[in-house]
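First comes the structure, then the notes that go with it.
Laboratory data are not the source of any read-out in this text; all were calculated from the coordinates shown. Small disclaimer: the values here were computed from a predicted structure and weren't measured. A quick note on method: Cβ atoms are made from the backbone with ideal geometry, for glycine too, and the neighbour counts reach across all protein chains shown.
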Amino acid sequence: MAKLWAGRFRKEVDEKVNDFNSSIKFDSRMYKHDILGSIAHATMLGEQGIIDKSEADAIVEGLNTILEDIETGKLELDMSAEDIHMFIEAELTKRLGDTGKRLHTARSRNDQVALDIRMYLKDETDEIIEITKNLINTLCEVSSEHTDTIMSGYTHMQRAQPITFAHHIMAYAQMFLRDIDRLHDTKKRMDSMPLGSGALASTTYPINRARVAELLSFADVTKNSLDGVSDRDFCIELSSTIAILMMHLSRFCEEIILWCSWEFKFIELDDAYATGSSIMPQKKNPDIAELIRGKTGRVIGDLVTLLTMMKSLPLAYNKDMQEDKEAIFDSVDTVKLCINTFTPMIKTMTVLKDNMRNAAAKGFINATDCADYLVKKGLPFRDAYKATGELVAICIDKGVVLETLPIEEYKAVCEMFQDDVYEAINLTTCVNGRNVVGGPSADSVKAQIKEVLAQII
Ligand code: ARG
């Protein structure tokens, strides 16, 4: 394809250099945003009298037809073009002749690409917010059914204190809520319209930047032309937000993988969301969860790519910045793929309540409650802690648990123990006693679910 900038050059660019330089293979996905941006630009040029109104109209119509032709498959993208921006402009000129050549008045590809990525990523951010809401909704649904499902909470991967499955799942809902908050925040800084920055030093034409921002639904315009073309903070911020979200997903996946193991058997994945082994007939593997855990690595890699690519770049545009796209597009694609696969996997899994309850019955997870029982009877906490520790040691020696240790043994350690200790250390009592805001009691978790659901409408 002939270069639109060919004037200054005496030779065709080397074919390998052309391939090396070209970004159309990965930036063609922005065709729609590029066209919409150009439509707004041409409209403004016409309104300002910078080009003839009739020519502006012809450009707008021509661009709309190109959009339609790409979407219906009538127009094929030329993969030897330098980038999507050049391809569309050249196509317009092919169709409109000299009128098409007027589109690029008062514009540079530098502000054009800055605009296109912002527009594209604003839409993608909205989509990620939507699917994350959908995920949270599923977590609330699953949790609603398990506010009484006792399980052990863990610290150091050791059984620690009794909670419910709902409480555990809702912890992830809180993480994803914060992710949504970060996505909104990231979008705020994406929402400035850079067109009018030109190549770096704006333009001498009497353009109306606010009008272009209005036509494209941007909240504001960028305030410095050098920054307008060379800022990629919004890519880095989005990538970082996605990396955090993926980190949350990977923690969740790690637990799913553990819970599916025969060692835990707290859940069973639906057959549609697990895979078999080529040699071991008994296997049902949590491949999806493992893949999400693995893909978190490459999303973190994308963030490092972007930061390293931007580090030390002088103002303003440098071609290095073309490398932003593959990294941020990969982050966006990966997170969407992961959320959209993870959500139905969670929705369809079976929770093996009895196994959770049985695991919770071992491990002395009510020991803190046993100590608290003595504290409520007046003993200082440290003494109560020591007495309970002695009881746990006795239980281990005898191969019993606190619930089945005879009352005489309790009394031998501390006289303050009465028969009501058994009620105090009952796991359901222990959970529902933790009725503070943010606690695991059924009432607290129900309130939490309600609050979370209210935040995602
Ligand atoms: N394909 C380029 C990119 O993605 C467009 C901007 C090119 N500008 C330039 N002066 N070469 O960054």
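Assigned to a loop (DSSP other than H, G, I, E, B), surrounded by 20 or more Cβ atoms within 10 Å (Cβ to Cβ) and out of contact with any strand residue (DSSP E or B) (no Cβ under 8 Å at 6 or more places or on another chain): which single residue out of Ser197, Ser217 fits that description?
Ser197
Looking for whichever is over 20 Å from Gly196 (Cα atoms), part of a helix (DSSP H, G or I) and in contact with an Asp or Glu (Cβ under 7 Å, 6 or more places away or on another chain) here; the options are Phe26, Phe20. Which one fits? Step through it out loud before you land on a result.
Numbers: Phe20 fails: in contact with an Asp or Glu (Cβ under 7 Å, 6 or more places away or on another chain).
Going through Phe26, Phe20 in turn, just one is over 20 Å from Gly196 (Cα atoms), part of a helix (DSSP H, G or I) and in contact with an Asp or Glu (Cβ under 7 Å, 6 or more places away or on another chain): Phe26.
Looking for whichever is among the small types (Gly, Ala, Ser) and touching a residue at least 40 places away in the same chain (Cβ under 8 Å) here; the options are Gly46, Gly37. Which one fits?
One residue alone meets the criteria, Gly37.
Looking at (1) outside any helix (DSSP H, G or I); (2) under 17 Å from Leu195 (Cβ atoms); (3) within 13 Å of the ligand (Cβ to nearest atom), which is the one condition that is false for Val13?
(2)
From Ile180, Ile236, grab the single residue that is in a helix (DSSP H, G or I), within 16 Å of the ligand (Cβ to nearest atom) and either in contact with a Lys or Arg (Cβ under 8 Å, 6 or more places away or on another chain) or closer than 30 Å to Ile39 by Cα (or both). Can you show your working first?
Details: Ile180 fails: within 16 Å of the ligand (Cβ to nearest atom).
Answer to the check: Ile236.
With the checklist (1) without any contact (Cβ under 8 Å) to a residue 12 or more places away in the chain; (2) surrounded by 19 or more Cβ atoms within 10 Å (Cβ to Cβ); (3) of a type in the set (Val, Ile, Thr) in hand, flag the one item Thr155 doesn't pass.
(2)
Just need a number here: residues in region 319-340 that are surrounded by 15 or more Cβ atoms within 10 Å (Cβ to Cβ) and either among the polar types (S, T, N, Q) or more than 21 Å from Val229 (Cα to Cα) (or both).
Residues flagged as surrounded by 15 or more Cβ atoms within 10 Å (Cβ to Cβ) and either among the polar types (S, T, N, Q) or more than 21 Å from Val229 (Cα to Cα) (or both) within region 319-340 amount to 9.
Determine whether Ile117 is in contact with a Cys (Cβ under 9 Å, 6 or more places away or on another chain) and not basic (Lys, Arg). Break it down into steps so the answer makes sense when it comes.
Working: in contact with a Cys (Cβ under 9 Å, 6 or more places away or on another chain): yes; not basic (Lys, Arg): yes.
Considered against the rule, which asks whether it is in contact with a Cys (Cβ under 9 Å, 6 or more places away or on another chain) and not basic (Lys, Arg), Ile117 comes out as yes.
Okay, residues lined up against (1) free of Cβ contacts under 8 Å to residues at least 60 places away in the same chain; (2) β-branched (Val, Ile, Thr); (3) surrounded by 13 or more Cβ atoms within 10 Å (Cβ to Cβ):
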{"site": "Lys362", "(1), (2), (3)": "no, no, no"}
{"site": "Asn366", "(1), (2), (3)": "no, no, yes"}
{"site": "Cys370", "(1), (2), (3)": "yes, no, yes"}
{"site": "Gly399", "(1), (2), (3)": "yes, no, no"}
{"site": "Glu403", "(1), (2), (3)": "yes, no, yes"}
{"site": "Phe417", "(1), (2), (3)": "yes, no, yes"}
{"site": "Ile457", "(1), (2), (3)": "yes, yes, no"}
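Got a number for residues in region 342-360 being assigned to a helix (DSSP H, G or I) and touching a residue at least 60 places away in the same chain (Cβ under 8 Å)? Let's see the steps before the verdict.
Step one: of region 342-360, the residues assigned to a helix (DSSP H, G or I) are 342-348, 353-360.
Filter once more, so that each one left must be touching a residue at least 60 places away in the same chain (Cβ under 8 Å): 342-348, 353, 355-357, 359-360.
Within region 342-360, residues that are assigned to a helix (DSSP H, G or I) and touching a residue at least 60 places away in the same chain (Cβ under 8 Å) number 13.
Kindly list the number of the only condition in (1) more than 14 Å from the ligand (Cβ to nearest atom); (2) within 22 Å of Leu200 (Cα to Cα); (3) within 33 Å of the chain's Cα centre (by Cα); (4) of a type in the set (S, T, N, Q) that fails for Asn21.
Among (1) more than 14 Å from the ligand (Cβ to nearest atom); (2) within 22 Å of Leu200 (Cα to Cα); (3) within 33 Å of the chain's Cα centre (by Cα); (4) of a type in the set (S, T, N, Q), the lone unmet condition for Asn21 is (1).
How many of the residues making up region 356-403 are farther than 18 Å from Glu423 by Cβ and in contact with a strand residue (DSSP E or B) (Cβ under 8 Å, 6 or more places away or on another chain)?
Counting residues in region 356-403 that are farther than 18 Å from Glu423 by Cβ and in contact with a strand residue (DSSP E or B) (Cβ under 8 Å, 6 or more places away or on another chain) gives 4.
Would you call Val392 in contact (Cβ under 8 Å) with a residue 60 or more places away in the chain and touching a helix residue (DSSP H, G or I) at 6+ places or on another chain (Cβ under 9 Å)?
no
Taking the options Ile288, Ile267, Ile242, Ile279, name whichever one is more than 17 Å from the chain's Cα centre (by Cα), farther than 19 Å from Asp34 by Cα and surrounded by 19 or more Cβ atoms within 10 Å (Cβ to Cβ).
Exactly one residue qualifies, and that residue is Ile267.
Can you find a residue in region 137-158 that is assigned to a helix (DSSP H, G or I) and within 16 Å of the ligand (Cβ to nearest atom)?
The first filter runs over region 137-158 and keeps only residues assigned to a helix (DSSP H, G or I), leaving 137-144.
With within 16 Å of the ligand (Cβ to nearest atom) added as a condition, the list becomes none.
So far as region 137-158 goes, no, none of its residues is assigned to a helix (DSSP H, G or I) and within 16 Å of the ligand (Cβ to nearest atom).
With the condition kept exactly as written, say whether any residue in region 100-111 is surrounded by 18 or more Cβ atoms within 10 Å (Cβ to Cβ), away from the ligand (no atom under 16 Å from the Cβ) and β-branched (Val, Ile, Thr).
Checked against the condition, which is being surrounded by 18 or more Cβ atoms within 10 Å (Cβ to Cβ), away from the ligand (no atom under 16 Å from the Cβ) and β-branched (Val, Ile, Thr), region 100-111 yields no hits at all.
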